[in-house]
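Below is one structure, written out as structure tokens; the observations come after it.
The values are calculated or read from the model by the stated rules, or taken from the named source; none is laboratory data. Fair warning: this is a prediction, and the values are worked out from it, not measured in the lab. Cβ placement follows ideal geometry from the backbone for every residue including glycine, while neighbour counts extend to all protein chains displayed. Heads up: the accessible areas ignore ligands, DNA and RNA and are worked out on the full protein's heavy atoms, side chains in. Shrake-Rupley method; radii C 1.70, N 1.55, O 1.52, S 1.80 Å.
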Amino acid sequence: MVEFRGVGKFYDNNSVALKNIDLNIRDGEFVFIVGPSGSGKSTLLKLISKEQEPTSGEIFVSGENITHLKKRKIPYLRRTMGIVFQDFRVIEKMSVFENVAFAMHVVGAGSREISRRVPYVLNLVGLSDKARKKVSELSGGEKQRVGLARALVNNPRVILADEPTGNIDPAMSLEIVELLKQINKCGTTIIMVTHDMSIVKHFNFRIVEIVNGQIINDIPPEVSNA
């Protein structure tokens, strides 16, 4: 699904975000990306989604080399991805239904498909009864569920989750990751950046640890909770 070959990311001020990263994430995996603040975790996700460009090396997504992908092709790449953010990035003045439908409008979905797909996804994330509520009326955990529904609605092959539990309480955090686990069981690849090791230890998934821009541990799921 995602492969990094000797990938480096350096900034103009000579700071190093990532250095010589080799990483292979298989289709259907659930991977935690962990490490201290500033270690390069979020940069890794931004390289996958083409929000940033690598300084060196090559990146492949679904077998396609995206390292030098033309700008006009980037929106099509992102349509295969769902992205969940720490700060929710929902549209407060819209209803829950409208927020999720908006993600479908952007990719040109028709009204019939939207009216069928959005209720299905809201049911998956436990928000069926909140469909007509304004997002501004929701709790933090509920807003993150809206963000997750929006990431899911276009049936992505991979979900990139950047600290999705960073702004919600511990109990709700476990619920969000449990939802991601259920989505993963249906075949969607999940790549989740987190600094919360209590969550990581609660679930038996692969753990990739990054420190100072380098992978120092890559622990398979069968021993990650040992």
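List of remarks:
- Among the residues making up the range 106-130, those that are over 17 Å from E178 (Cβ atoms), open to solvent by 60 Å² or more (accessible area, probe 1.4 Å) and not hydroxyl-bearing (S, T, Y) are V106, G108, R112, E113, R116, D129.
- Applying the condition of being in contact (Cβ under 8 Å) with a residue 24 or more places away in the chain and under 19 Å from F10 (Cβ atoms) to the range 54-70 and asking which residue is least open to solvent (accessible area, probe 1.4 Å) yields I59.
- Here the condition is being free of Cβ contacts under 8 Å to residues at least 40 places away in the same chain, surrounded by 15 or more Cβ atoms within 10 Å (Cβ to Cβ) and not in a helix (DSSP H, G or I); of I176, I168, I190, it holds for I168 alone.
- Within the range 1-25, restricting attention to residues that are farther than 18 Å from N217 by Cβ and exposed (fewer than 14 other Cβ atoms within 10 Å of the Cβ), the residue that is modelled with the highest pLDDT is G6.
- Members of the range 6-41 found to be aromatic (F, W, Y) and closer than 17 Å to E53 by Cβ, listed by number: F10, Y11
- Positions within the range 131-156 being open to solvent by less than 50 Å² (accessible area, probe 1.4 Å), in a helix (DSSP H, G or I) and either in contact with a Cys (Cβ under 9 Å, 6 or more places away or on another chain) or among the small types (G, A, S) (or both), in sequence order: G140, G141, G147, A149, A151
- Subset of the range 79-105 (residues that are in a helix (DSSP H, G or I) and either open to solvent by 40 Å² or more (accessible area, probe 1.4 Å) or within 20 Å of R157 (Cβ to Cβ) (or both)): E98, V100, F102, A103, M104, H105
- The lone exception for G63 - which of (1) of a type outside the set (S, T, Y); (2) on the phi > 0 side of the Ramachandran plot; (3) modelled with pLDDT of 95 or more it fails: (3)
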